[in-house]
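First comes the structure, then the notes that go with it.
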Amino acid sequence: MRHLLSTGDLTLDEATLILDTAAELAQVGDRSVKKLPTLRGRTVVNLFYEDSTRTRTSFELAAKRLSADVINFSAKGSSVSKGESLKDTALTLQAMGADAVVIRHSASGAAHRLANWVDGSVLNAGDGTHEHPTQALLDAYTMRDRLGRLDGLRVAIVGDILHSRVARSNVLLLTTLGAHVTLVAPPTLLPVSVHTWTCEVSYDLDDVLPKSDVVMMLRVQAERMRDSFFPSVREYSRNYGLDGERLARMPENAIVMHPGPMVRGMEIAAEVADSPRCTVTEQVANGVSLRMAVLYLLLGGS
């Protein structure tokens, strides 16, 4: 691999290699000195055109644990605010010797365009409503770590599928890894092309819950909405929110996931978010190991 732009580009062997490498690198987090010299002398640029807490910090920490030099570039307060294009910004970073560029952008396809302009590796940290590959990989890693397998798992992804890059990346990756995915959402929050996705679709959360090993709740992305997609927050929560009563209907060993940030009381109740069956904090911790693995495989190892 030279870039990581889409989970659809990964074969079963490549995806498994990333997960296995992350499992080995996770042991670094248990050491008193959490550093490896693997990427010493390499430069990783975090190029973020959208606000982010978990992803940007996770990539920064992952690169630093591998001893890479890290440059955090934010669109706010940069030449972008003066009208500089993505291409010119990319060429500037190229001239500075960036070995890898981690990009988050509001435009779908921005990471693919960037990969044509720079010589270094490009890692897609979220492009519009298109994809978020490393989030899907860390989700799969968390599932495998908690449940011991991915092949044959029944995964329900619930909520705002229409605006979710996490949902698309997870469907592509989990299908490759042998899981069965069901999308659960009101019709207004499903993409028009959802019938072409390699998954099932349901409008009834209560019907899907008893048959699911993993339930992944998604935030309603109000910041991307220009129209009304459901009558009220209260009705959405009643039909598609996960509360304690619904949690009790899930299989005993089933887990609850959320890519964050969570809106407690809307898509997920506080009692569920704080339950031992909820893996949100594990996903954040696993994200560092997973992103270390991706950087290692793209820049340093084999």
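The values are calculated or read from the model by the stated rules, or taken from the named source; none is laboratory data. What you see is a predicted model, and the numbers here were worked out from it, not measured in a lab. When we count neighbours, we look across all protein chains shown, and the Cβ atoms used for this are built from the backbone with ideal geometry, even at glycine. Note: accessible area is taken over every heavy atom of the protein model, side chains too, but ligands, DNA and RNA are not part of it. Shrake-Rupley method; radii C 1.70, N 1.55, O 1.52, S 1.80 Å.
Can you give me the distance in nm between label points at Met1 and Asp119, each placed 7 Å from the Cα along the Cα-to-Cβ direction?
2.3
In square angstrom, rounded to the nearest 10, how much accessible surface does Asp88 have for a 1.4 Å probe?
Rounded to the nearest 10, the figure is 80 Å².
Residues with amide H under 5 Å of Val101's amide H, sequence separation 5 or more or different chain, H placed in the peptide plane at 1.01 Å from N; which?
Sorted by chain and number, the residues that satisfy this are Val45, Ser121, Val122, Leu123.
How much net charge surrounds Ser169 when only other residues with a Cβ under 10 Å from its Cβ are counted (Lys, Arg +1; Asp, Glu -1)? Mind dumping the intermediate values first?
Values: positive: Arg165, Arg168; negative: Glu131, Asp139.
With Lys, Arg at +1 and Asp, Glu at -1, the net is 0.
Can you list residues whose amide H is under 5 Å from Ile268's amide H, if they're 5+ apart or on another chain and H is modeled 1.01 Å from N?
Placed amide hydrogens put Leu242, Val263 under 5 Å from Ile268.
List the aspartates and glutamates whose alpha-carbon lies under 18 Å from that of Lys35, not counting same-chain residues fewer than 8 positions away?
Glu24, Glu60, Asp69
Taking amide H positions as placed in the peptide plane 1.01 Å from N, state which residues far from Cys278 in sequence (5 or more) or on other chains have amide H under 5 Å from it.
Here Val256 satisfy the definition.
Per DSSP helix of 4 or more residues, -39500 (n - 2.57); summed, then divided by the residues of the chain. What does that give at 222 nm, rounded to the nearest 500?
Result for the chain: -10000 deg cm²/dmol, rounded to the nearest 500.
Pop out the ³J(HN,Hα) list for the range 266-275 in order, Karplus 6.51 cos²θ - 1.76 cosθ + 1.60 with θ = phi - 60°, rounded to Hz; leave Gly and Pro as x.
Calculated HN-Hα couplings, in order: 10, 7, 8, 7, 4, 5, 7, 4, 9, 6 Hz.
Which of the peptides 127-136, 113-122, 23-32, 232-241 is most tightly packed, and how do the rest follow, going by the mean number of other Cβ atoms within 10 Å of each residue? Write out the running numbers ahead of the final one.
On the way: 127-136: 24.8, 113-122: 18.6, 23-32: 12.8, 232-241: 15.6.
Descending packing order for the listed peptides: 127-136, 113-122, 232-241, 23-32.
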